[in-house]
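Shown next, in structure tokens, is the structure this report addresses.
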Amino acid sequence: MMRNFIVLMAAVCLYLLGAAMPASAHHAFAAEFDKDKCADFTGTLTNIDWENPHAYFTMDVKGDDGKTLQMTFETSSLSTLKRAGTSKADFVNSYGKGVTVRGCPAKNGNKTKAAANYIKFADGTTHRIGQDVEGLFPGNFQPTGDK
């Protein structure tokens, strides 16, 4: 009887301890990124972090002042990327090469973070890797090199 009571109390404690942990909530695009300020970013792809719930990649982009800025771009979920035919290898094969990304900047003013909508890899292929907030389709994505 005492053993059952101890097991029950341990289970209750573990449950309460788990309930006290901070929850990781998924965010909405509009809460973090500005769809009205999307631009093209051209630079050198330097890294990919292929982890759930989103992939993040970094690239070196020349800023308005001419200095190199390391930017981080957030993509759709890995399952969405996979369904669209985009793999980690697509990014890895473009390490150190020039790419153009259509992205929307962070609303909080962080100039080094954006949500990626499309990417044109060094081999010339274009992939949709985020939300199509501007109503573009991959065939209509014509990089202009805004940034």
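Listed here are the residues, each with its yes/no results for (1) among the charged types (D, E, K, R); (2) touching a Leu at 6+ places or on another chain (Cβ under 9 Å); (3) modelled with pLDDT under 65; (4) on the phi > 0 side of the Ramachandran plot.
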| site | (1), (2), (3), (4) |
| --- | --- |
| ALA10 | no, no, yes, no |
| CYS13 | no, no, yes, no |
| LEU17 | no, no, yes, no |
| MET21 | no, no, yes, no |
| ALA28 | no, no, no, no |
| ASP36 | yes, no, no, no |
| THR42 | no, no, no, no |
| ASP49 | yes, no, no, no |
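Considering only residues in segment 106-135 that are at pLDDT 90 or above and among the hydrophobic types (A, V, I, L, M, F, W, C), the one that is nearest to GLY96 (Cα to Cα) turns out to be ALA122.
I'd like the full set of residues that are part of a loop (DSSP other than H, G, I, E, B) and polar (S, T, N, Q), limited to segment 47-71. Full working, then the answer.
Start the filter on segment 47-71 by keeping residues that are part of a loop (DSSP other than H, G, I, E, B), which leaves 51-53, 63-67.
ASN52 - this is the single residue of segment 47-71 that is part of a loop (DSSP other than H, G, I, E, B) and polar (S, T, N, Q).
For segment 34-46, a residue qualifies if it is assigned to a strand (DSSP E or B) and of a type outside the set (D, E, K, R), and the qualifying residues are ALA39, PHE41, THR42, GLY43, THR44, LEU45, THR46.
Only one residue in GLY63, GLY103, GLY85 is more than 26 Å from ALA31 (Cβ to Cβ), out of contact with any Pro (no Cβ under 8 Å at 6 or more places or on another chain) and not β-branched (Val, Ile, Thr), so which one is that?
Values: GLY63 fails: more than 26 Å from ALA31 (Cβ to Cβ); GLY103 fails: more than 26 Å from ALA31 (Cβ to Cβ).
On inspection, the qualifying residue turns out to be GLY85.
Taking the numbered list (1) over 17 Å from GLY43 (Cβ atoms); (2) of a type outside the set (Val, Ile, Thr); (3) modelled with pLDDT under 95 in turn, GLY66 passes all entries but (1). Scanning segment 89-122 for residues that are assigned to a strand (DSSP E or B) and of a type in the set (S, T, N, Q) gives THR100, ASN117.
Among the listed residues THR86, THR75, THR80, identify the single one that is of a type outside the set (Asp, Glu), closer than 16 Å to ASP132 by Cα and part of a loop (DSSP other than H, G, I, E, B).
Working: THR75 fails: part of a loop (DSSP other than H, G, I, E, B); THR80 fails: part of a loop (DSSP other than H, G, I, E, B).
Matching residue, one of THR86, THR75, THR80: THR86.
Just one of the numbered conditions (1) among the polar types (S, T, N, Q); (2) in contact (Cβ under 8 Å) with a residue 40 or more places away in the chain; (3) touching a Phe, Trp or Tyr at 6+ places or on another chain (Cβ under 6 Å) is not true of ASN47: (3). Among the residues of segment 45-81, those that are under 18 Å from ALA122 (Cβ atoms) and touching a Gly at 6+ places or on another chain (Cβ under 6 Å) comprise MET59, ASP60, VAL61, PHE73, THR75.
The values are calculated or read from the model by the stated rules, or taken from the named source; none is laboratory data. Since the structure is predicted, the reported quantities are computational estimates derived from the model, not experimental observations. Counting neighbours? That spans all protein chains shown, and the Cβs are built from the backbone with ideal geometry, glycine included.
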